[in-house]
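K.L.:
Once you've had a glance at the structure underneath, I'll fire off some questions.
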Amino acid sequence: MATSTCLTLAFGGWTSNLIVYLIKEFDVESIDAAQISNLVNGAGSLIPIFAAIIADSFLGCFSIIWISSFISLLGTILLALTATLDSLRPKPCEVGSTSCTPKPKVQYVVLYAAIVLATLGNGGASVVASTAIVYVEDNVSWKAGFIICVAANLLGSAIFLLGTRFYNNSKPEGSPFTNLARVVVASIRKRKVTIPSTGEHLYHGPKAIVVAPSKTFRFLNRAAIKSEGDVKPDGSTTKPWKLCSVQEIEDFKSLIKILPLWSSSFFLGTTIGVQASLSILQALAMDRHIGPNFQIPAGSILVFVTVSTALFLALFDKFLFPTWKKMTGKSLTPLQRIGVGHVLNFLCMGVSALVESKRLNVAKSNEGSNIVPMSVLWLVPQLAIVGISFSWTSRVLLPGISNNLKEHGDGDDFSGCRGVILLDHCFN
């Protein structure tokens, strides 16, 4: 837990303000900076899936964690160096100059290498990362902010390694996706075989634990039909890619059933990603002063999403959902809550469009000014709606997927696959 907190703090500390850093220090175009930020966040969600597969198949969890921690540390150190050494940053153009000094490509190579390495090893200290560290980066120096990220990363790695003797380091048992692929291949190879009316000719694995095949996706049941020479005397298969157990087939069917629910989260994640990048760009061009002496860092504007999520999660769990159950006599189903979340998602984009339309109108009436005389607090409603939407879906999306997988997913090989799917949603 301590390791996860420190690594999240380090990762969030530099990603929260990445757009601002790219624009101000490396003269990257606004739209390019937003795209880079989206790529980083997307990679941060996808990499844990591949890491989980590698951990299950080859290296084990312990090795994956310390390797990713070390890679992340290297990337964060490299980022800190780009903020510390002038030779790793392009020289700013002089005010009023019509031409600028050409920017050496090696500086951008170092920058992007640092971002890639730091992203590869990421893992919830998000509120601290998006407020305190961003404030240091904007008001003290980029060097100080990135050094804090390095320290947090180093501390997390050290804590993890110090606890080595307390861990239960299980050995890799092979990729769960191999068995899923075997089901597809075996069912295709036996596509002309007639499915028996009884279960006598079905293979149930070396342990001979009988599981009744379901009628859904019935064509896949062909993968479990035994032919002459398919089974060894000890109960194992002679050709694993020609015969699968009924349990392995049911595991695959369970995965197919949750695909619509799983894929629906992509739309929510896309909106949140776009909203995050564009909100930072909007904040950079708006009045961020709160009172005469305090200015909100542009990268910290996203903290309203986190605060809104936490606030409404508590509000819904303690008041709204119990009240609804008392009034109607039944609880909201997970699908209903996910549906409400997507409606709020749609509402959020509508509010965003209205706010941006107003911002552009104000900008047109104040041409010549880089900062639009419009308070950054105009962005709060749309960010709050993102948080409310997330509070409707986050508590039911994972249990909904897990429960669907558990319906038939009791096989040993399926536990790894279930972990991979849940990891995807944890990091999204």
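K.L.:
Restricting the search to the range 365-395, which residues are out of contact with any helix residue (DSSP H, G or I) (no Cβ under 6 Å at 6 or more places or on another chain) and either more than 24 Å from I296 (Cβ to Cβ) or not in a helix (DSSP H, G or I) (or both)?
P.N.:
If the condition is that a residue be out of contact with any helix residue (DSSP H, G or I) (no Cβ under 6 Å at 6 or more places or on another chain) and either more than 24 Å from I296 (Cβ to Cβ) or not in a helix (DSSP H, G or I) (or both), then N366, E367, G368, S369, N370, I371, P373, S375, S394, R395 are the ones that fit.
K.L.:
A follow-up question, please. Please find, among L302, L332, L313, the residue that is surrounded by 12 or more Cβ atoms within 10 Å (Cβ to Cβ), out of contact with any strand residue (DSSP E or B) (no Cβ under 8 Å at 6 or more places or on another chain) and more than 29 Å from V136 (Cβ to Cβ).
P.N.:
L332
K.L.:
To continue, here is another question. Note down all Cβ pairs under 6 Å where the first residue falls in the range 20-33 and is under 20 Å from S87 (Cβ atoms) and assigned by TED's automatic domain parsing to the domain that holds T84, the second is of a type in the set (G, A, S) and modelled with pLDDT of 80 or more, and they're at least six residues apart or on different chains.
P.N.:
L22/A33
K.L.:
Sticking with this one: Just to be sure before I move on: is I256 over 23 Å from N38 (Cα atoms), hydrophobic (A, V, I, L, M, F, W, C) and assigned to a helix (DSSP H, G or I) in the structure I sent?
P.N.:
In short, yes.
K.L.:
For G156, which of the numbered conditions (1) outside any loop (DSSP other than H, G, I, E, B); (2) in contact with a helix residue (DSSP H, G or I) (Cβ under 8 Å, 6 or more places away or on another chain); (3) at pLDDT below 70; (4) among the small types (G, A, S) fails to hold?
P.N.:
For G156, the exception is condition (3).
K.L.:
Additional query: Answer yes or no: is there a residue in the range 232-246 that is of a type in the set (D, E), touching a Leu at 6+ places or on another chain (Cβ under 9 Å) and either modelled with pLDDT under 80 or assigned by TED's automatic domain parsing to the domain that holds L22 (or both).
P.N.:
Taking every residue of the range 232-246 in turn, none turns out to be of a type in the set (D, E), touching a Leu at 6+ places or on another chain (Cβ under 9 Å) and either modelled with pLDDT under 80 or assigned by TED's automatic domain parsing to the domain that holds L22 (or both).
K.L.:
Answer yes or no as to whether V246 is crowded, with 21+ Cβ neighbours inside 10 Å and of a type in the set (V, I, T).
P.N.:
Here the answer is yes, as V246 does meet what is asked.
K.L.:
Quick check: anything in the range 132-152 over 29 Å from I19 (Cα atoms) and modelled with pLDDT under 75?
P.N.:
no
K.L.:
Would you pick out the residues in the range 226-243 that are crowded, with 19+ Cβ neighbours inside 10 Å and within 18 Å of R191 (Cβ to Cβ)?
P.N.:
Within the range 226-243, L243 is the sole residue that qualifies.
K.L.:
If you scan the range 19-33, which residues turn out to be in contact with a Gly (Cβ under 9 Å, 6 or more places away or on another chain) and under 14 Å from A114 (Cβ atoms)?
P.N.:
Within the range 19-33, just Y21 meets the criteria.
K.L.:
I'd like the residue in the range 176-197 that is among the small types (G, A, S) and surrounded by fewer than 19 Cβ atoms within 10 Å (Cβ to Cβ) and, out of all such residues, is modelled with the lowest pLDDT.
P.N.:
S197
K.L.:
Identify, from the list T323, T333, T328, T309, the residue that is polar (S, T, N, Q), under 24 Å from the mean Cα position of the chain (by Cα) and either under 30 Å from W378 (Cβ atoms) or not assigned by TED's automatic domain parsing to the domain that holds R189 (or both).
P.N.:
Going through T323, T333, T328, T309 in turn, the sole match is T309.
K.L.:
For the range 1-12, which positions are part of a helix (DSSP H, G or I) and either of a type in the set (F, W, Y) or at pLDDT below 70 (or both)?
P.N.:
If the condition is that a residue be part of a helix (DSSP H, G or I) and either of a type in the set (F, W, Y) or at pLDDT below 70 (or both), then A2, T3, S4, T5, C6, L7, T8, L9, F11, G12 are the ones that fit.
The values are calculated or read from the model by the stated rules, or taken from the named source; none is laboratory data. Since we're looking at a predicted model, the values are computed, not measured. Backbone-built Cβ (ideal geometry, glycine too); neighbour counts: all protein chains shown.
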